[in-house]
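Nothing in this text is a laboratory measurement; each read-out follows from the coordinates by a stated rule. The shown structure was predicted, so the numbers you read here are calculated from the model rather than taken from an experiment. Every residue, glycine as well, gets a Cβ built from its backbone with ideal geometry; the counts of neighbours run over all protein chains shown.
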Ligand SMILES: *Cc1c(COP(=O)(O)O)cnc(C)c1O
C-alpha cells in the first residue's frame, strides 16, 4: 500500500481555495486516518498548518495528543461513560450530545482540576448523535448553566453533520443548515462567540458559503470522491502486490474456492500475493481487475484470504515477481477507488478503512512516483 503524502496536501489546498482563508481546517483523521495511518497522515498535513484534528474515539485522541501537544482535537462521536477522565487528561475537545454526558464531563473536569473545551453537536437530521434541533429552547439554557457552574469549562463550539452532502441536489444541506441556525437562536447568546462548523468534504466543496468558522474534511483528503458533480481529488493510495506463481491452465481447469471459474480455452493465470485478508474486497471475485504492465487483467475465481488469481493470457511472458496493481495507476491505466467501491457494492470509505494491518503502509514523499 503506497501513500503519497503530497496528494493529501494538494487535496487540503483544493478545499482551502474553495472555502477561502477564513474557516478553520479540521482534517478528520479518525479510523487511523481512513486506513492510511493516522500519525503519518497528520505528519503529511502538518505543513498546511490545520487549526486542529478530528477523531472519533478517545483512544484515537490520546494517541494523537502524544504526537501533537498543541492543536485542538475534536472527538466527533459520543464517548462511552467511563472515558471522560481520559478526555480531560488528554485535553481533547469532546462533542456533547446530551445533558448526562455533559454532567459526566463536568465531574471529570472538577476532579481533574483541568480546563476543557467542548463542542455541542446539534442533530439536524442525521439521527445518530446530537441534541435535537427542535428542542434547543430546552437544552440550550441547561448546557449554558452547567457550563457556567464549572470552573475551566468552556462551551466553545457548535456543529452539525449533513446526511446527503454527496448528492448533487443541495436542498437537504440547506434544510439542515436552517435547522442548525434556527436552533442556535434559542441558545443563550445565540451561539455568538462559539465556533460553528458543519461541512464535511462534500459540503465544503458544494456549499463553501456554509463553511462558517470551520470545516471537517475527510475522504477528499485521502483521494476519495466527495460526491456527485464535485471536483476530483488527487489519488493518494495505490495497492500493489507481486505475482508469486504463474501457470498454464488447460480448458476446464478450475480456480479458487467453489471452483466458480473454469478456463474455457487454454489460459495463463497468475497468483498474486494479496487477498481479502489484506482488505482487497472479496466482492471483486470474478468481477474486479488488476493492472499488469499498464493493462487490465481480470480477477478469476474467488479471492482467497491471502492470494488472488488474475488471467494474464493477454500479456506476454509474465514472470513471477512482477507487480499487479489493484488500486491506483499503472502506466496509462487506473483503477480508481470509486471503481473498486462500486464493484464491491460499498463506498470508498469502507474500501480504505478495510485495508488491513498486514499491508505495509509505504509513504512516498515528494518526488516519489
Ligand atoms: C467522518 C466525519 C467527517 C468527514 O466526512 P467526509 O465525508 O469524509 O469528508 C466530518 N464530520 C463528522 C462528524 C464525521 O464523523
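Once the C-beta distance of residue 342 and residue 115 is scaled by a Förster radius of 41 Å, the resulting FRET efficiency is 0.30 to the nearest 0.05.
Each of residue 13 and residue 296 was given a label point 7 Å from its Cα along the Cα-to-Cβ line. The distance between the two points is 3.3 nm. With contacts taken as Cα pairs under 8 Å and at least 6 residues apart, the chain reaches a relative contact order of 17 percent.
Take 76-82, 146-152, 277-283 and order them by the average number of nearby Cβ atoms within 10 Å per residue, most first; the result is 277-283, 76-82, 146-152. In terms of surrounding Cβ atoms within a 10 Å radius of their Cβ, 296, 287 rank from fewest to most as 287, 296. Gain on full extension, evaluated as 0.36 nm per residue between residue 257 and residue 356 minus their Cα-Cα distance, stands at 33.5 nm. Taking label positions 7 Å along the Cα-Cβ direction at both residue 209 and residue 244, the computed distance is 5.6 nm, reported to one decimal. Which whole-number percentage describes the relative contact order of the stretch 1-134, with Cα contacts under 8 Å and a sequence gap of 6 or more? Averaging sequence separation for qualifying contacts and normalising by length gives 16 percent for the stretch 1-134. Under the criterion of Cα pairs below 8 Å and six or more residues apart, the relative contact order for the stretch 218-285 equals 24 percent. As an exercise, use a Förster radius of 56 Å and the Cβ-Cβ distance of residue 135 and residue 329 to find the FRET efficiency, rounded to the nearest 0.05. Once the sixth-power term is evaluated, E becomes 0.65.
Under the simplified labelling scheme, the residue 144-residue 283 pair shows an inter-label distance of 4.7 nm, with each label point 7 Å from Cα along Cα→Cβ. Shape class for the stretch 110-251, computed from the alpha carbon gyration tensor (a ≥ b ≥ c): prolate, with a/c not under 1.5 and a/b above b/c.
Computed from the C-beta positions of residue 169 and residue 51, the FRET efficiency with R₀ = 30 Å rounds to 0.50. Take every DSSP beta bridge whose two residues both sit in the chain; close to 50 percent of them are antiparallel.
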